[in-house]
Amino acid sequence: MTTVADSSLDFVRLRDLLGASAGRFDVDHVAVCDSTNTRLLERAQRGSGSGTVLVADAQTAGRGRRGRTWVSAPGSSLSFSLLWRFPAAQRLEGLSLAVGLAIVRGLGKLGATGLALKWPNDIWLNGRKLGGVLVEVAQGARGEWATVIGIGLNLRAQPEWVEQIAQPFAALDELSQQAPDREAVLAAILEALLEVLTQFSSHGFVAFVDGWMSYHALLGADVSVEQHGLKRYGRCGAVDALGRLTVDTPEGEMHVFGGEVSLRAT
Ligand code: BTN
């Protein structure tokens with residue numbers, strides 16, 4: 001693991017926490033950047049390898065799904081991206097869902113309870129948004145995939161978030177006054193990601209369907225699904241082997257892919 005001098009991220013502690021997995025990651029930290037995803041997409045172009053991680057205290061242009069802005073506050077959030085490469089033949093459907101599962105598994109190892117996954121890739125705590133995943137993909141000259149897995153999590157709630165965040169949010173400090181520090185959360189998630197991404201390479205999302213279903217926040221709920229300006233209503237069902245969401249509507253069963261889709265409980 002690379003260490004960067006003069007950083008507020010405790011690299012020695014992070015390496016200790018990662019133990020045997022430390023050698024699989026090359027972690028870098030910056031106080032501020034536009035977006036860790038943007039920076040890693042650039043590094044991917046320059047040939048950086050799987051396991052490259054960039055953590056930022058603050059982002060000036062943090063990105064969320066569906067063109068949204070992602071707000072992160074120094075000391076109160078964990079914002080990082082991980083570069084992971086896959087061969088050209090790899091099917092990537094469901095990757096962001098598998099990443100969500102890795103996050104709840106990692107946080108579960110730290111003792112967090114009340115976690116759920118809101119399809120496609122929101123992390124919920126006690127029914128409110130704790131964090132999110134933005135996976136972006138670039139393809140190399142021979143068709144190989146460079147995926148940038150961006151993760152944002154709220155560690156300690158800040159009063160100003162009430163005005164800045166347009167939906168009910170949660171932060172890890174509501175589980176205990178002493179919210180786990182960034183290093184502990186980062187190490188737990190990276191370890192879980194290592195396991196999940198390795199398994200995903202061999203089997204794809206099908207290996208995670210049961211695991212994902214055990215955290216499915218909206219299973220059986222009445223929902224609306226909005227895609228390409230069209231809103232439909234139905235009952236939320238299971239995810240399938242490609243990570244698509246099944247929704248029973250009066251017109252029949254829909255299989256909804258992720259991407260530019262909005263799912264809401266009604
Ligand atoms: C969402 O829920 O809409 C996804 C949020 C993803 C935010 C993370 S923070 C680190 C990485 N860099 C970004 O610009 N976005 C992701």
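The values are calculated or read from the model by the stated rules, or taken from the named source; none is laboratory data. This one's a predicted model, so the numbers in the text were calculated from it and none came from an experiment. Cβ coordinates were reconstructed from backbone atoms using ideal geometry, including for glycine residues, and neighbour counts include every protein chain displayed.
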For region 101-114, check the following and say yes or no: at least one residue is touching a residue at least 12 places away in the same chain (Cβ under 8 Å), touching a helix residue (DSSP H, G or I) at 6+ places or on another chain (Cβ under 7 Å) and more than 15 Å from residue 188 (Cα to Cα). no
Close pairs from region 220-235: first among the β-branched types (Val, Ile, Thr), partner not in a strand (DSSP E or B), Cβ under 9 Å, at least 6 apart: 223/266
Given 186, 263, 197, which one is at pLDDT below 95, in contact with a Phe, Trp or Tyr (Cβ under 9 Å, 6 or more places away or on another chain) and surrounded by 13 or more Cβ atoms within 10 Å (Cβ to Cβ)? 263
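Does residue 54 satisfy being outside any loop (DSSP other than H, G, I, E, B) and either under 15 Å from the mean Cα position of the chain (by Cα) or near the ligand (Cβ under 9 Å from one of its atoms) (or both)? Write out each step before concluding.
Details: outside any loop (DSSP other than H, G, I, E, B): yes; either under 15 Å from the mean Cα position of the chain (by Cα) or near the ligand (Cβ under 9 Å from one of its atoms) (or both): yes.
Spelling it out, residue 54 is indeed outside any loop (DSSP other than H, G, I, E, B) and either under 15 Å from the mean Cα position of the chain (by Cα) or near the ligand (Cβ under 9 Å from one of its atoms) (or both).
Under the condition of being of a type in the set (Ser, Thr, Tyr) and closer than 22 Å to residue 166 by Cβ, which residue from region 57-99 is farthest from the ligand (Cβ to nearest atom)? I'd like the intermediate steps shown before the answer.
Of the residues in region 57-99, the ones of a type in the set (Ser, Thr, Tyr) are 60, 69, 72, 76-77, 79, 81, 96.
Next, only the ones that are closer than 22 Å to residue 166 by Cβ stay: 60, 69, 72, 76-77, 79, 96.
On the way: 60: 10, 69: 9, 72: 6, 76: 13, 77: 8, 79: 4, 96: 9 Å.
So, considering only residues that are of a type in the set (Ser, Thr, Tyr) and closer than 22 Å to residue 166 by Cβ, the one farthest from the ligand (Cβ to nearest atom) is 76.
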How many residues does region 28-42 contain that are touching a Ser or Thr at 6+ places or on another chain (Cβ under 6 Å) and either away from the ligand (no atom under 13 Å from the Cβ) or over 18 Å from residue 131 (Cα atoms) (or both)? 3
Check region 136-156 and report whether any residue there is over 23 Å from residue 217 (Cα atoms), of a type in the set (Lys, Arg) and surrounded by 15 or more Cβ atoms within 10 Å (Cβ to Cβ). no
